[in-house]
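To keep things clear, I will list the structure first and then write my remarks on it.
The values are calculated or read from the model by the stated rules, or taken from the named source; none is laboratory data. No experiment lies behind these values; they were computed from the predicted model shown. Cβ coordinates were reconstructed from backbone atoms using ideal geometry, including for glycine residues, and neighbour counts include every protein chain displayed. These accessible areas exclude ligands, DNA and RNA; they are computed on the full protein's heavy atoms, side chains included. Shrake-Rupley method; radii C 1.70, N 1.55, O 1.52, S 1.80 Å.
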Amino acid sequence: MGTLRVILGDQLAFDLSALADLDRAQDTVLMMEVLQECSYVRHHKQKIVLVLSAMRHFAHALRERGVAVDYVALDAPGNTGTLSAELQRALARHAPQRVVATEPGEWRVRAAMDTWGALGGTPVEIRPDERYFASRDRFAAWAHGRRSWRMEHFYREMRREHGILMDAGEPAGGQWNYDADNRKRLPARTLVPARRRFAPDATTRELMALVEQRFPDHFGTLEDFGWPVTREDARIALDDFIAHALPRFGDYQDAMAAGAPFLFHSLLAPALNLGLLAPREVCAAAEAAWRAGAAPLNAVEGFVRQVLGWREYVRGVYWTCMPGYAERNALGATRPLPAFYWTGDTDMRCLREAIGSTARYAYAHHIERLMVTGNFALLAGVAPREIERWYLAVYADAYEWVEMPNTLGMAVFADGGQMASKPYAASGAYIDRMSDFCSGCAYDVKQKTGPRACPFNYLYWAFLIRQKDRLSGNPRMAMPYRALAAWPRERQADTLAEADAFLAALPSWT
Ligand code: FAD
Ligand code: DLZ
Ligand code: SF4
């Protein structure tokens, strides 16, 4: 046999580097469903179904193109449960001249891949993953020698380099950034578009039964599974987003609303991260909508900023800072994760909404992740690794390369400012401004202390008091620390005591 070409579950692209010089007559593609990848965190049931179903459909599409695929199913006899041991068995089956793979999205898997060359003496070639705008080297070159890294600087270079939303060397519309237009609260009775969801086909239904049987204790429910599992359906989802949601994506990018978990977001991250869609094509589709007059610039720039900016930036941070990044804990946070992150059982409505849609759809949009579940973990001093493992488990789009910097860097400031210039800490007033959650909450967002006071209020100030030595020198934190300086000593002590009592009463997950 010629070359054995390994494709992982989140590498489902026909133009993957591992397939570049495929010889249909001699080569075999190896795809492996393994227990270890399904259980290294307690993945949401929908995430396991999504990945395995997309893998099975991709294998089918490869076979339809005349490619030989050796597909190891999760319940195949003799399945050893790990990628490395399955590769070893495949080497014995095929005796290939060489193995070719594309670098994985996770340090842990990369470390395993680096041992593959020693498995039986077959040469192993690991190729760069070319599905991104910026290679790992490109990001490292940008980051090298800079005292601080800021997404905005990197993003502008990417816009120039890839000619996206550029006119004659200048940013389209004359401005790089439309963030100021993109912070609107959703007016009451706004009609939110129904989103294109995809009913599970026979393959997906079979996997739903398998996952219920093999992973009954994993987080989340399967009833509302509606993710695209093929490239064709992912393209339909992209077209649906561009036509119905993109025009207002910018305006309500930061808004939150009870019972409306998707708002105007794209829902494309699961398909993008699996490889069913390419970041280039989604940016091109958004830009084309603007050029055709079908979507305003603030929406299109806001969307491109997420895909060309944030997504590429966090990947660069991950690979440049790993493996040490995983251990960062700049604020010395040690609290165990409260149990309600898994159960949704809390009187705080904002958290109940965000965790509820997470369980139901394996989805919550960015502001719910950052300013509700993330903000609470930050203010409560949850140990970064505990909250980080939670995010990795519960979302359909979660892979370490993108999840970890968002959690450690953006949500809980565990990297001490490598990624973000200040912690995204906020009191209940922010959540009240950007959502309708507070009106139906057991707590009162206007009250600062007392049994009915919104816990985000005293937790916010207690956080600032506790972290004074670490944060008060940050110029972007000057305003709240100036306010705090005017507080009498007793008020500070009372706030700390109230926060401590609230946190002490929270059951943690055992
Ligand atoms: P949209 O709001 O429609 O955004 C468009 C696209 O931009 C997304 O599909 C995504 O590919 C990209 N994008 C947007 N924001 C970011 C960002 N901050 N970083 C990277 N890409 C971004 N995103 C993941 O893909 N996987 C994760 O595991 C993940 N974990 C996160 C954890 C935390 C604590 C936070 C705060 C954010 C996380 N994000 C993650 C980023 C972001 O929340 C999701 O990409 C987004 O909510 C996915 O929904 P969407 O496709 O509707 O996104
Ligand atoms: C997430 C996931 C799951 C649930 N299962 C598999 C699997 O059985 N086989 C596989 O090749 N990949 C799976 N994946 C995706 C991997 O975890 C992912 O490729 C690595 O974490 C690197 O990003
Ligand atoms: Fe959340 Fe506080 Fe508003 Fe309740 S009052 S929804 S806890 S911000």
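Below, the figures for the structure above:
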quantity: For region 105-182, convex hull volume per residue from C-alpha positions, Å³; calculated: 156
quantity: ³J(HN,Hα), Karplus 6.51/-1.76/1.60, whole Hz, each residue of region 246-251, x for Gly, Pro; calculated: 3, x, 10, 4, x, 3
quantity: 5 angstrom amide H check on M166, placed H, neighbours 5+ away; calculated: A172
quantity: By accessible area with a 1.4 Å probe, ligands and nucleic acids excluded, highest first: order of T495, T343; calculated: T343, T495
quantity: Residues of type lysines that K468 reaches as a straight line, Cα spacing below 30 Å, ignoring anything fewer than 8 places off in the same chain; calculated: K422, K446, K448
quantity: Net charge of Cβ neighbours under 11 Å - reference P193; Lys, Arg +1; Asp, Glu -1; calculated: +2
quantity: Accessible carbon and sulfur surface of the chain relative to its total accessible area, %, 1.4 Å; calculated: 52
quantity: Folded to 0 to 90 degrees: helix 45-64 orientation relative to the chain principal axis, Cα; calculated: 30
quantity: Relative contact order (%) - region 288-429, alpha-carbon pairs under 8 angstrom, separation at least six; calculated: 27
quantity: Accessible area of R248 in the full protein assembly, 1.4 Å probe (Å², nearest 10); calculated: 90
quantity: In nm, spacing of pseudo-spin labels at E64 and A141 (7 Å Cα→C-beta vector); calculated: 3.9
quantity: Span from the region 245-299 Cα centroid across to the region 359-393 one, whole angstrom; calculated: 22
quantity: Region 222-287 shape via C-alpha gyration tensor axes, a/c threshold 1.5; calculated: oblate
quantity: Kirkwood-based shape ratio for region 349-452, expressed as Rg/Rh from alpha carbons; calculated: 0.97
quantity: Where only alpha carbons of region 243-347 are counted, the Rg and the Dmax (Å); calculated: 17.7, 51
quantity: Backbone HN-Hα couplings from phi across region 114-129 [Karplus 6.51/-1.76/1.60, Hz, Gly and Pro as x]; calculated: 5, 8, 5, x, 8, 5, x, x, 6, x, 10, 10, 10, 9, x, 8
quantity: Nearest 10 degrees, 0 to 90: helix 384-394 Cα axis against the chain principal axis; calculated: 60
quantity: Relative contact order (%) - criterion: Cα under 8 Å, at least six apart; region: the chain; calculated: 16
quantity: Restricting region 462-510 to chymotrypsin sites (Phe, Trp or Tyr not before Pro) in coil, as DSSP defines it, with at most 16 other Cβ within 10 Å; calculated: W509
quantity: Amide H within-cut-off set for S508, under 5 Å, with H built and near neighbours excluded; calculated: A339
quantity: Euclidean distance of C-alpha centroids, region 1-65 and region 417-461, integer Å; calculated: 43
quantity: Dimensionless Rg/Rh of region 12-107 - Kirkwood Rh, Rg from C-alpha atoms; calculated: 0.95
quantity: Region 1-98, accessible area per residue, ligands and nucleic acids excluded (1.4 Å, Å²); calculated: 37
quantity: Rg/Rh (Cα only; Kirkwood hydrodynamic radius) as it applies to region 163-226; calculated: 1.27
quantity: Label-reachable residues, region 422-459, where backbone N falls under 17 Å from a point 7 Å from L496's Cα toward its Cβ; calculated: 458-459
quantity: Along principal axes, Cα extents of the chain, largest first, whole Å; calculated: 78, 57, 48
quantity: Crossing angle, helix 202-214 versus the chain [Cα axis fit, 0-90 degrees, rounded to tens]; calculated: 70
quantity: Region 205-315, accessible area per residue, ligands and nucleic acids excluded (1.4 Å, Å²); calculated: 32
quantity: Descending semi-axes in Å of region 83-231, equivalent ellipsoid built from Cα gyration tensor; calculated: 39, 31, 15
quantity: R5, R489, R147, ranked by accessible area, largest first (probe 1.4 Å); calculated: R147, R489, R5
quantity: Amide proton proximity set for V124, modelled H, under 5 Å, gap of 5+; calculated: V99
quantity: Three-way shape call for region 144-277 based on the alpha-carbon gyration tensor, with the a/c threshold at 1.5; calculated: prolate
quantity: Separation in nanometres of the label points that stand 7 Å from Cα toward Cβ, at K468 and A85; calculated: 5.5
quantity: Chymotrypsin sites (Phe, Trp or Tyr not before Pro) restricted to region 322-367 and DSSP loop, no more than 10 other C-beta within 10 Å; calculated: none
